[in-house]
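Below is one structure, written out as structure tokens, with a few remarks after it.
What follows draws every value from the coordinates through simple rules; no lab data is involved. What you are looking at is a predicted structure, and each value in this text was computed from that prediction instead of being measured. Cβ atoms come from the backbone with ideal geometry, glycine included; neighbour counts cover every protein chain shown.
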Amino acid sequence: MAASPPPDDALSVEGLDRLFASLNHASGIVAAVSGGPDSTALMHLIARWSAAGERPPVLVATIDHGLRPEAAAEAAFVAQEAAALNLPHRILAWTGDKPRTGIQEAAREARYRLLVALAREAGASHLATAHTRDDQAETVMMRLARGSGLSGLSGMRRETDRGGILHVRPLLDWPKSALLDLCRREGWRFVEDPSNANERYARVRWRRLMPLLAAEGLDAERLARFAERAAQAEEALDLKAREALERAGPLSEGGNLTFQAGILASEPFEIALRVLEQAIAGTGLENRRLHRLEACTERLREAVRAGESLSLTIAGALVRLDRAGRVSIGPEPPRRRGR
């Protein structure tokens with residue numbers, strides 16, 4: 001469950017050991033630091049932990065998204081602060097054309113692409129970011145508004161695999177206010193990002209709504225606890241779906257995956273949905289549109305019960321149900337273009 005605010009011994013060797021326990025066996029750590037209070041606190045905390053014993057090497061990285069004129073100076077500021085902590089630092093620039101819409105999502109994807117590439121280059125196995133409990137609450141509300149399923153409502157995970165680099169969020173139980181207080185109390189300098197007040201961004205608009213929700217009892221702590229419970233339910237359902245897919249006799253050959261379709265009709269809809277999702281993932285493809293996956297699952301269930309054949313596409317995959325009651329999933333063939 002979501003933890004309470006940081007304990008009084010958060011800066012002690014024991015407290016830091018608990019906080020960064022997941023990093024002890026890393027080959028190296030890339031710490032993403034923008035210069036704001038959250039990531040500044042992470043940098044100082046990980047520096048203290050690193051200096052307290054034999055620890056994996058830490059490399060601080062700052063992304064210059066090229067979206068604001070102040071960004072280069074802020075990155076240079078982080079480099080200076082990292083040097084004062086005896087931590088090496090790299091500035092990574094997001095270059096090229098920027099999209100006119102969906103800029104935050106594009107920036108996020110670019111940010112992780114650059115950070116993961118740096119981790120591989122540096123031989124680091126872990127990436128650490130300063131996401132907080134407040135960030136988790138905002139993420140849950142934003143995904144709820146978009147109609148996300150249980151997976152989305154699980155929010156950000158404490159650990160996420162990013163192409164072989166383990167992304168950890170050690171501060172996910174900490175409220176932003178505690179990190180801000182820590183920076184001020186310890187005299188850790190930080191910068192203020194004006195984009196955090198720009199209401200053109202959805203997260204900023206949600207951030208301004210959070211106090212109203214908290215007044216009705218839906219505060220960040222309860223939303224984070226909800227995300228933890230959703231993640232537990234997600235894990236259990238995924239396990240049951242894997243077991244169901246195994247019972248369906250999956251066979252993989254030539255880039256295609258086949259299995260007995262009866263499992264899609266006999267299992268509850270949510271399990272059948274996840275069986276199809278896992279089968280698609282087993283071919284190396286990925287579906288991110290829940291409503292499309294739900295529609296495909298429903299059509300397959302109806303066809304199985306009617307003893308009919310069916311062919312449909314989803315997420316670049318061709319899904320075929322034959323009259324013998326077996327599903328085949330493989331890459332969608334290239335489409336022919338008419339003149």
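Report, in degrees rounded to the nearest 10, the 0 to 90 angle that the Cα long axis of helix 133-145 makes with the longest principal axis of the chain.
For 133-145 against the chain, the angle is about 30 degrees.
By how many degrees, 0 to 90 and rounded to 10, does the Cα axis of helix 37-51 deviate from the longest principal axis of the chain?
Value to nearest ten degrees: 80.
May I ask you to derive the relative contact order of region 13-227, considering only C-alpha pairs under 8 Å and at least 6 residues apart, and to give it as an integer percent?
25
In degrees from 0 to 90, rounded to the nearest 10, what is the angle of the helix 220-247 Cα long axis to the longest principal axis of the chain?
30
Would you look at the GNM of the chain, springs on alpha carbons closer than 10 Å, and say which of Val327, Val78, Val168 moves the most?
Greatest mean-square fluctuation among the candidates belongs to Val327.
Take each of the peptides 83-90, 95-102, 240-247, 135-142, average the number of other beta-carbon atoms within 10 Å over its residues, and list them starting from the highest.
Descending packing order for the listed peptides: 135-142, 240-247, 83-90, 95-102.
Once amide H atoms are built 1.01 Å from N in the peptide plane, which residues 5 or more positions from Asp64, or in another chain, come under 5 Å H to H?
So Asp64 has HN proximity to Leu92, Ala93, Trp94.
Looking at the square roots a ≥ b ≥ c of the eigenvalues of the Cα gyration tensor of the chain, which shape do they give, rounded for a/c under 1.5, prolate if a/b is larger than b/c, or oblate?
prolate
Tell me what the chain gives for mean residue ellipticity at 222 nm when only DSSP H runs of n ≥ 4 count, each as -39,500 (n - 2.57), the sum divided by the residue total, rounded to 500 deg cm²/dmol.
Taking each H run of at least 4 residues, the total per residue is -15000 deg cm²/dmol.
With a cut-off of at most 15 other beta carbons within 10 Å, and DSSP calling the residue loop, which GluC sites (Glu not before Pro) in region 68-127 qualify? Please list them.
Counting only loop positions with at most 15 other Cβ atoms within 10 Å, the GluC sites (Glu not before Pro) in region 68-127 are Glu70.
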